[in-house]
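Asks: Okay, here's the structure, questions in a sec.
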Amino acid sequence: MRTLRRTWRLPSARIALAVLALVALVAVAGGVLAPYDPLAQRPADMLHGPSAGHPLGTDYLGRDVLSRLLAGTGRSVVGALEAVGAAMLLGIVPGIASVWLGRTVEWTAQRAADTLMIMPFTVFAIAVVGALGNGMHQAMLALGVLFAPLYFRVTRAAALGLKQAQYVEAAELMGASRWWILRVHVWGKILPTIAVTTAQAVGQALLVVASLTFLGLGVQPPAPTWGGMLASDLGYLAQQPWAPLIPGAAIMITVGALNILADAVRDSGAMADAVSTAVPAATPATAPPAVPVPDRAVGRDPGGPAAGQDQRTDTAPHTPVIPRPEEAEQRVTTG
């Protein structure tokens, strides 16, 4: 919560959240906000430029571009979130388990993560879609499997650092269960790291989803998606050279806002760590000033240091010298 409050104080984070909130609104209510049916074809209005009736123009079949953009936002965003959700489930749990469940689980999880990291996204997605059918859920499951090593490595690195912390070792020595330690001491510490990774992963997933739908994978035409709109506009660049800029700008703005938010959360987490580990400098104790004692009270030796030389001042109070009774009687009789 402290990291989230620090993130909200950053102007860049507020701007990024405002953009993402607008994208989320369009993703949820895009079909309602669309002024026309995104699938309705009007041959008489083919390849028209922006106008009052069609603010972003029409495509090669006379369909309203604004309506297709609003309707396609939901499919693109939901597909990316589905892929990231599968990656979190397949990456976070094995990442924590590899630290706490022994060397066998650790070795197996690491080898599986290394294997998945070397596989290309597009080729693996095409293979999964070819085996399971051309559907959005199949393609996003393939993306989730390939994004899982990212969460595995990030979670494992954070959990390894926390396992060696003194308060975690003390909890283990006192007999605390693993589940209690993970819930109380581990999960709250790795949550900011997971938030940064999630923001970056959603942006990457949006780009991959756009690439797959550009190739016709995951969503069947004529269902609108950002990548599908890019693919359909490339065939008519001579008539509408500006058409691919519309879905491209939507992708660029959304991914840029996610990256800005990830940077803000990372900076806030680093700021929180710096504040928590900072130790205030100790204030040196000031000794009371030495009180100079007059020369008469000190009783300096007349043969002491000459004037102008360093003279030692006595800070202790002067104690008068009381003669013994024998010395006093002798002085009286002889005086």
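The values are calculated or read from the model by the stated rules, or taken from the named source; none is laboratory data. This is a predicted model, so every value here is computed, not measured. Cβ sites come from the backbone with ideal geometry, for glycine too, and all protein chains shown count toward neighbours. Ligands, DNA and RNA are excluded from the accessible area calculation, which covers all protein heavy atoms including side chains. Shrake-Rupley method; radii C 1.70, N 1.55, O 1.52, S 1.80 Å.
Asks: Taking the condition of being within 25 Å of the chain's Cα centre (by Cα), surrounded by 14 or more Cβ atoms within 10 Å (Cβ to Cβ) and free of Cβ contacts under 8 Å to residues at least 40 places away in the same chain, how many residues in the stretch 111-139 meet it?
Replies: Here the count works out to 1.
Asks: Would the stretch 196-207 turn up any residue that is at pLDDT below 85, out of contact with any strand residue (DSSP E or B) (no Cβ under 9 Å at 6 or more places or on another chain) and either acidic (Asp, Glu) or farther than 14 Å from Leu143 by Cα (or both)?
Replies: Scanning the stretch 196-207, I find no residue that is at pLDDT below 85, out of contact with any strand residue (DSSP E or B) (no Cβ under 9 Å at 6 or more places or on another chain) and either acidic (Asp, Glu) or farther than 14 Å from Leu143 by Cα (or both), so the answer is no.
Asks: If you scan the stretch 83-96, which residues turn out to be open to solvent by 10 Å² or more (accessible area, probe 1.4 Å) and within 20 Å of the chain's Cα centre (by Cα)?
Replies: Gly85, Ala86, Met88, Leu89, Leu90, Ile92, Val93, Ile96
Asks: Could you tell me which numbered condition Gly62 fails, if it satisfies all but one of (1) touching a Lys or Arg at 6+ places or on another chain (Cβ under 7 Å); (2) part of a helix (DSSP H, G or I)?
Replies: (2)
Asks: Enumerate the helices (runs of 4 or more DSSP H) found wholly within the stretch 173-235, keeping only those where 2 or more residues are crowded, with 19+ Cβ neighbours inside 10 Å and hydroxyl-bearing (Ser, Thr, Tyr).
Replies: Counting at least 2 such residues, we get 187-214.
Asks: A follow-up question, please. Just to be sure, is Gly30 open to solvent by less than 50 Å² (accessible area, probe 1.4 Å), in contact (Cβ under 8 Å) with a residue 60 or more places away in the chain and under 19 Å from Gly248 (Cα atoms)?
Replies: no
Asks: If only one of Val129, Val105, Val84, Val93 is in contact with a Leu (Cβ under 9 Å, 6 or more places away or on another chain), assigned to a helix (DSSP H, G or I), within 22 Å of Ile194 (Cα to Cα) and of a type outside the set (D, E, K, R), which one is it?
Replies: Checking each option against the conditions leaves just Val84.
Asks: Tell me yes or no: at least one residue of the stretch 198-207 is within 27 Å of Leu261 (Cα to Cα) and free of Cβ contacts under 8 Å to residues at least 24 places away in the same chain.
Replies: No, the stretch 198-207 contains no residue that is within 27 Å of Leu261 (Cα to Cα) and free of Cβ contacts under 8 Å to residues at least 24 places away in the same chain.
Asks: If you don't mind, there's one more thing I want to ask. Quick one: count up the residues across the stretch 8-27 that are touching a residue at least 12 places away in the same chain (Cβ under 8 Å), open to solvent by less than 70 Å² (accessible area, probe 1.4 Å) and assigned to a helix (DSSP H, G or I).
Replies: The number of residues fulfilling the criteria is 10.
Asks: Out of curiosity, is Leu258 in a helix (DSSP H, G or I) and surrounded by fewer than 18 Cβ atoms within 10 Å (Cβ to Cβ)?
Replies: no
Asks: While we're on this one: Return the residue satisfying two criteria in turn: it lies in the stretch 39-75 and is touching a Phe, Trp or Tyr at 6+ places or on another chain (Cβ under 6 Å), surrounded by 22 or more Cβ atoms within 10 Å (Cβ to Cβ) and not polar (S, T, N, Q), and of such residues it is nearest to Gln240 (Cα to Cα).
Replies: It comes out as Asp64.
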